[in-house]
Amino acid sequence: MIFALDVCYRGGEAFSAAVGFSSFEARSPRIEYTDRSDIACNYIPGEFYRRELPAVVHLIERYRLEPELLIVDGYVTLDENGRAGFGYALYEYFEQRVPVIGVAKSRFGKISSLHELYRGGSRRPLYITAAGIEIEEAKEAIGKMHGPYRIPDILRYVDRLSRYECGEGKSLPPEKGGNQVT
């Protein structure tokens, strides 16, 4: 199963969400999980993994998730030299057995246009990075995800789910996925 992950922060807590789906063409998740944990450290630019990884690992271990592939909100690598970002730290957590695709909404540093993916007629690209899967294959996978907008529907949903759990979202979208486990 493919899992998309996201985390929202409020106060000293992290609210993680994971949604699982069977293919990149899926319209909605088959299963979803949420979790709450303490924030491990403050945000440090370029070292986001220090904040995000403990929350995501807490969720993965709590539910014993065994993903075939992971999609994260953010970067896997931070530059053309492969400097590790949050997604790469997650790739290392799984001992490089589970491919990770990063989908970032804004450019970090000098990431090249090779990583740009335009979806839904948007004039602004998404920035795709990956480990354990070739960049062109990762871009193709994210490109064929369901939804008419720049951000694929399932990625929008996992973002809204994490925000809902931390109290930032007023409600979940009507296309709420499968089984919610909290």
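A compact table of results
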{"item": "Sole exception among (1) at pLDDT 90 or above; (2) in a loop (DSSP other than H, G, I, E, B) for A18, by number", "result": "(2)"}
{"item": "Set L69, L65, L59, L53: member being at pLDDT 95 or above, closer than 22 Å to Y127 by Cβ and crowded, with 17+ Cβ neighbours inside 10 Å", "result": "L69"}
{"item": "Identity of the residue in segment 94-136, in a helix (DSSP H, G or I) and within 17 Å of the chain's Cα centre (by Cα), that ends up surrounded by the most Cβ atoms within 10 Å (Cβ to Cβ)", "result": "H115"}
{"item": "Residue among R83, R97 that alone is modelled with pLDDT of 95 or more and of a type in the set (K, R)", "result": "R97"}
{"item": "Residue check for V181: in contact with a helix residue (DSSP H, G or I) (Cβ under 8 Å, 6 or more places away or on another chain) and modelled with pLDDT of 95 or more", "result": "no"}
{"item": "Conditions (1) of a type in the set (A, V, I, L, M, F, W, C); (2) without any contact (Cβ under 8 Å) to a residue 24 or more places away in the chain; (3) touching a strand residue (DSSP E or B) at 6+ places or on another chain (Cβ under 6 Å): number failed by I135", "result": "(3)"}
{"item": "Those residues of segment 153-167 which are free of Cβ contacts under 8 Å to residues at least 40 places away in the same chain and within 14 Å of the chain's Cα centre (by Cα), in sequence order", "result": "R156, R160"}
{"item": "Segment 53-78: number of residues that are assigned to a helix (DSSP H, G or I) and of a type in the set (V, I, T)", "result": "3"}
{"item": "Residue list for segment 137-155, restricted to those being closer than 21 Å to F86 by Cα and either surrounded by 14 or more Cβ atoms within 10 Å (Cβ to Cβ) or touching a Cys at 6+ places or on another chain (Cβ under 8 Å) (or both)", "result": "A138, K139, A141, I142, I151, P152, I154, L155"}
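The values are calculated or read from the model by the stated rules, or taken from the named source; none is laboratory data. Everything numeric here is computed off the predicted structure, so don't read it as measured data. Glycine gets a Cβ as well: all are built from the backbone with ideal geometry, and neighbour counts include every protein chain shown.
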